[in-house]
Amino acid sequence: MLEFRTQGYQGYSVKYSPFFDSRIAVAGSANFGLVGNGRIYILGLTANGIVAEKWFDTQDSLFDTTWSEAHENQLLTAGGDGSVKLFDITLSDFPVQSWQEHAREVFAVHWNLVGKDTFLSSSWDGTIKIWNPQSSSSLVTLPTHSCTYSAEFSPHSPSLLSSVSSDSHLRVFDLRTPASASNHLTLNIPIHTPPKPRMGTPAPVGIPPSEALTHDWNKYRDTILATAGVDRLIRTFDIRMAAAGPIAVLPGHEYAVRRITWSPHLSDILLSASYDMTCRVWTDGSAMGTGNAGMMKQENMLDAQGMVYGGGREMGRMGRHTEFATGVDWCLFGAEGWCASTGWDERVLVWDARALMQ
Amino acid sequence: MADALCGPSNALQNFQKHSTVDRTLQQDRLTSRQSPSQGFRSSSGPNTGVLDAEFNAFEAGHTGAPQLHQRFHPPPPALGPQFAQHTHAPNWASDFQRLSLAPSYPQPLQQHHPAQAPSAAASWHQDFINQQASTVQASPQQHAGFGGHTGRSMTWGPTTFQGSLGAPVSNVAQGKQRAREDVEVFDEAAFAQAFEQAQQDQLHTDFEQLVSKIDDPTVRDKLRLYPEQQRMELMESYNSVQASQEEKNLSRILEQTERTRILDSMPIEDDPVLLHIKETRPMVYAAIKLKNDIDLGNYSDALPWIEQLKGLDNIQSGDVSEERWCADALQNVVERHVSSEITSAAESTIMSINERIMSQQSLLSAGVPVSQDRIWEELAAAGYTTRTPLQEQRTDQRSEQKKEEQPLRNDDDEMAETAGKLLERVADNTSEKFQNSQFLELMRRLRDREVRVEGDKMVDVSSEQTLSSPLPATATAPPEIDPMILDYSAQDFGMPVDSGMEEVGLSRHSTNEPITDEISDQFSYYNVNAPYHK
């Protein structure tokens with residue numbers, strides 16, 4: 001396990017570069033993001049441990065970052081002052097470009113993984129904006145009408161994107177649909193809907209809606225999304241049958257889940273970071289072998305917790321963080337288990353999830 | 001539901017969406033726009049020649065041209081669009097035009113049967129003239145619009161048409177000039193007199209109108225007795241605010257005028273100290289006078305002072321302590337039970353003062369300047385501090401209460417409260433990590449007010465002592481007096497209970513968004529309006 005200390009700045013987000021296996025970006029904020037500056041670190045993994053190759057200071061807290069898919073030296077930041085900034089790490093001090101359209105804190109930025117010419121940002125002002133780095137203003141604004149903590153492009157289509165927001169809904173937008181009254185919104189899934197009743201189990205009781213903080217598209221199954229948030233549950237949805245409710249529910253975290261991300265190597269594995277100061281590795285039970293056993297058990301009897309659904313389970317946890325864990329990301333390269341996490345303990349940890357998985 | 005069940009990339013579904021696309025009005029207009037050749041009276045139309053002949057006949061005055069010239073008005077508004085349509089004629093317009101003006105015009109048959117043309121022409125220009133005759137007086141706006149159209153290239157005889165228009169225009173111009181000459185002929189003195197008379201009449205009618213708006217008959221009668229000068233003043237002050245809030249201010253202005261009249265009729269003050277108080281603190285002065293009159297038994301004189309106190313609270317003294325002091329003085333009067341009339345008047349005045357203080361002095365404002373010392377100093381100088389132990393005790397009590405409230409009512413409070421809530425939620429977590437968490441330690445200190453946010457920094461409160469700062473002058477207008485405020489506000493000045501606090505407390509900017517994220521509520525006191533954003 002490698003460690004780097006982001007002295008004075010509490011980490012909010014960590015992202016591996018899609019171009020280099022040894023480069024990590026970390027967005028941090030002073031004073032836990034309450035007030036003060038932000039800083040984006042570009043870390044290099046070297047034989048001597050993790051070193052900071054570069055950093056940029058910003059006027060306001062930074063809540064998220066994402067690497068450009070089109071340019072290996074560029075990355076975006078999401079600012080607490082509503083700005084989205086594009087930095088080039090070969091330059092010093094100032095961003096290449098800054099976009100200021102959001103009225104409130106920007107909480108997520110994400111680059112289009114297929115189109116590579118656009119990116120999005122989502123904000124507490126209840127909008128998702130789609131941008132082109134060449135254009136000085138946003139291309140499209142998609143309203144969600146509620147505090148949108150997380151938005152992402154689909155890794156399978158350049159025109160599909162999704163968001164989760166504080167109204168406990170997962171939204172899917174398809175930019176190919178005509179611009180009409182629905183503003184490209186094609187799906188609006190209530191996350192708190194309980195799973196369909198099953199044979200031999202009592203009908204599920206209603207679950208109150210709660211804020212959804214994070215979500216991610218599965219990298220292999222193009223209709224599968226995972227969401228998580230304040231109700232401490234990780235759920236997976238299939239957008240082909242959105243009305244059927246979640247296809248898997250993974251309870252376990254003790255506090256809200258701040259970030260989840262699907263493995264780029266294994267279709268059923270996902271990683272989560274939570275306010276309970278742990279990062280956990282999960283399987284959603286869809287993989288051959290591991291999932292089946294869970295399924296069988298599931299069909300025959302209720303799990304002790306009564307919430308587990310879909311045969312998923314926690315495979316391991318990493319408890320090294322001493323404050324809330326806020327960011328986690330998989331390494332795209334090399335062996336399949338490497339990942340990086342950050343938290344409010346001002347630390348970035350790089351570790352191998354396979355060591356934890358059982 | 002079918003939408004939700006099918007994937008978004010279903011080709012057929014997209015096709016169906018195209019067919020059911022939400023066409024806005026604009027899109028409708030754009031797509032249904034027709035080519036110019038279909039427009040009204042386009043030059044390429046086959047009927048052009050026929051219509052020219054008709055128009056010539058029309059212009060030659062076959063049907064009462066003089067009448068036309070005399071009563072020439074711009075076309076009725078309904079006809080207006082036609083003139084602009086020779087380039088673009090939407091469907092509806094051409095439909096309308098067919099309907100209203102020339103029923104036989106668009107028929108293509110016309111060109112093959114020239115013999116029918118005269119009858120068509122007759123109906124066309126007769127219709128036109130009928131329309132003109134039935135038009136009511138046109139507004140200047142329509143004049144302008146019409147003039148604009150004549151400037152454009154009109155296919156139906158632009159020159160002749162403009163010529164026919166020319167005559168009435170010059171008539172109007174002449175008429176204006178004549179009128180101006182007439183004015184010069186007037187004797188100036190006579191004119192001034194007449195003007196004054198007219199103004200007075202106007203004032204009278206306006207005043208009557210104003211008076212009739214008042215519900216209270218006694219006030220109405222009183223107003224009718226006003227001399228000329230006061231009427232003028234009243235009207236002026238009324239007119240100056242009329243535009244904004246007519247109904248609300250009407251009665252207030254009337255009351256104010258009435259009170260200044262009463263005040264003016266009061267005996268002139270000769271004591272220089274009291275005179276000073278009268279100028280700087282009219283409320284205190286009125287209260288002193290009131291007390292004086294009651295002490296001396298002049299109950300009939302006392303009533304106007306109460307009235308005046310009530311009226312003066314419309315004047316922005318900006319000094320809460322002064323109003324408080326007056327309320328206390330009135331309370332004293334009430335306690336003495338002089339007469340039911342005075343007691344009830346005093347009580348209602350206290351009510352109105354309280355209402356005003358409570359609705360205009362924001363509960364959350366940093367602090368209210370309480371400077372009763374100066375009042376007492378001034379009164380001591382005037383020799384009025386003979387016996388006021390009761391009052392002093394009470395005001396002290398009040399200011400103490402205020403001091404208690406003040407620290408609870410600023411931004412830090414929200415922060416401390418939010419931090420406290422967050423800590424409550426993790427209170428049952430006894431793990432070592434949570435016990436040693438720096439973030440939670442910061443929350444603890446925020447809750448206990450050892451730390452506070454200042455600008456974009458966390459500041460240790462213990463290291464800096466910047467309390468007792470004076471209230472910054474606010475440029476914003478005070479809020480309206482809420483007449484119902486006493487119904488729902490506590491008057492014992494205890495800790496206010498905000499029922500909305502429960503839901504609001506967690507939001508970063510204390511908006512109404514439902515925030516259930518137990519950790520994100522640390523942001524609830526994050527302030528986008530903080531100076532470092534600017």
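A short reminder: the numbers here are calculations on the coordinates, not readings from a lab. Note that the structure is predicted; figures quoted are calculated from it, not measured. Every residue, glycine as well, gets a Cβ built from its backbone with ideal geometry; the counts of neighbours run over all protein chains shown.
Brief remarks on what is shown
- Per-residue HN-Hα couplings for the stretch B:422-428 [Karplus 6.51, -1.76, 1.60; θ = phi - 60°; Hz; x = Gly/Pro]: 4, 5, 4, 5, 9, 4, 7
- Gain on full extension, evaluated as 0.36 nm per residue between A:Ser180 and A:His156 minus their Cα-Cα distance, stands at 6.2 nm.
- As a calculated quantity, the FRET efficiency between B:Leu423 and B:Ala194 at R0 = 60 Å, using C-beta atoms, amounts to about 0.15.
- Under a 5 Å amide H cut-off, with hydrogens placed 1.01 Å from N, A:Cys331 pairs with A:Trp338, A:Cys339, A:Ala340 among residues at least 5 apart or on other chains.
- Across the stretch A:79-94, coupling constants 3J(HN,Hα) worked out from phi with the 6.51/-1.76/1.60 Karplus curve, θ = phi - 60°, read x, x, 8, x, 9, 10, 10, 10, 9, 10, 7, 7, 9, 10, 6, 10 Hz, and Gly and Pro carry x.
- A simple spin-label model places the labels of A:Arg240 and A:Phe94 5.2 nm from each other, with each point 7 Å out along Cα-to-Cβ.
- Chain A - mean residue ellipticity at 222 nm from DSSP helices (-39,500 (n - 2.57) per run, n ≥ 4, rounded to 500): -1000 deg cm²/dmol
- Each residue of the stretch A:36-44 was assigned a 3J(HN,Hα) from its phi angle through the Karplus curve 6.51 cos²θ - 1.76 cosθ + 1.60 (θ = phi - 60°); the sequence is x, 7, x, 8, 10, 9, 10, 9, x Hz, with glycine and proline shown as x.
- The stretch A:2-355 has equivalent-ellipsoid semi-axes of 31, 24, 18 Å, by the square roots of 5 times the alpha carbon gyration tensor eigenvalues, sorted largest first.
- Highest average first, the peptides B:426-433, A:131-138, B:339-346 ordered by how many other beta carbon atoms sit within 10 Å of their residues are B:339-346, A:131-138, B:426-433.
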